[in-house]
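Below: one structure, written as structure tokens.
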Amino acid sequence: VSVRPVAEAWRKLDVAVVGIGRKLDQTYLAEYLQEETLQDESLVRSSVSNVCSHYFAAGGEALGEEHDARLIAASRDEFRRIPLAVGVAGGPEKIAGIVGAARAGLIKALVTDEDTANGCLEITDVA
């Protein structure tokens, strides 16, 4: 079974709907991502969230790029080329991750609740 047809389809996407996931933390690393490339304490401190296991900081800076090279997922650049990448997340714990995902260029639209949207506006000084 080959993933090549799926990987080739990523380059042709017009729309993607993605969850904005959890940030790196020691518990998650110990249970699921036992990779030395993500064990760096500075990565854990800087991480605010991930989109399809692409971790990033609040300013959108990429984290764990060595980890990215091993993913079977659309690359960060492929995400940036998707005309409409919709992030889905809600709750106060996701605010920094939503803003980071937008700054990273991984999402271009958002589905969320009003309080979370207002929180995003507050931390970006738009409100």
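So the values come out like this:
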{"item": "Some residue of the stretch 103-111 being open to solvent by 50 Å² or more (accessible area, probe 1.4 Å), of a type outside the set (A, V, I, L, M, F, W, C), more than 26 Å from residue 41 (Cβ to Cβ) and at pLDDT 95 or above", "result": "yes"}
{"item": "Selected residue (criterion: farthest from residue 71 (Cα to Cα)) from residues of the stretch 1-53 that are at pLDDT 90 or above, surrounded by 17 or more Cβ atoms within 10 Å (Cβ to Cβ) and aliphatic (A, V, I, L, M)", "result": "48"}
{"item": "Answer residue from the stretch 49-64, given it is in contact with a Ser or Thr (Cβ under 9 Å, 6 or more places away or on another chain) and hydrophobic (A, V, I, L, M, F, W, C) and is farthest from residue 25 (Cα to Cα) among those", "result": "58"}
{"item": "Hits in the stretch 76-85 (condition: without any contact (Cβ under 8 Å) to a residue 60 or more places away in the chain and either surrounded by 12 or more Cβ atoms within 10 Å (Cβ to Cβ) or touching a strand residue (DSSP E or B) at 6+ places or on another chain (Cβ under 9 Å) (or both))", "result": "76, 80"}
{"item": "Residue among 88, 99 that is at pLDDT 95 or above and touching a Cys at 6+ places or on another chain (Cβ under 8 Å)", "result": "99"}
{"item": "Single unsatisfied condition, residue 74 versus (1) farther than 30 Å from residue 7 by Cα; (2) modelled with pLDDT under 95", "result": "(1)"}
{"item": "Residue that is nearest to residue 125 (Cα to Cα), among those in the stretch 86-102 that are in a strand (DSSP E or B) and open to solvent by less than 40 Å² (accessible area, probe 1.4 Å)", "result": "87"}
{"item": "Residues (open to solvent by less than 30 Å² (accessible area, probe 1.4 Å) and within 14 Å of residue 58 (Cβ to Cβ)) located in the stretch 112-127", "result": "119, 120"}
{"item": "Top-ranked residue in the stretch 112-127 [being modelled with pLDDT of 95 or more and assigned to a loop (DSSP other than H, G, I, E, B); ranked as nearest to residue 16 (Cα to Cα)]", "result": "112"}
{"item": "Residue 72 being farther than 19 Å from residue 22 by Cβ, in contact (Cβ under 8 Å) with a residue 12 or more places away in the chain, part of a loop (DSSP other than H, G, I, E, B) and not charged (D, E, K, R)", "result": "yes"}
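The values are calculated or read from the model by the stated rules, or taken from the named source; none is laboratory data. Just so it is clear, the model here is predicted, and its values are computed rather than measured. Cβ coordinates were reconstructed from backbone atoms using ideal geometry, including for glycine residues, and neighbour counts include every protein chain displayed. Ligands, DNA and RNA are stripped out before the accessible areas are found, and what is left, the full protein with its side chains, is counted by its heavy atoms. Shrake-Rupley method; radii C 1.70, N 1.55, O 1.52, S 1.80 Å.
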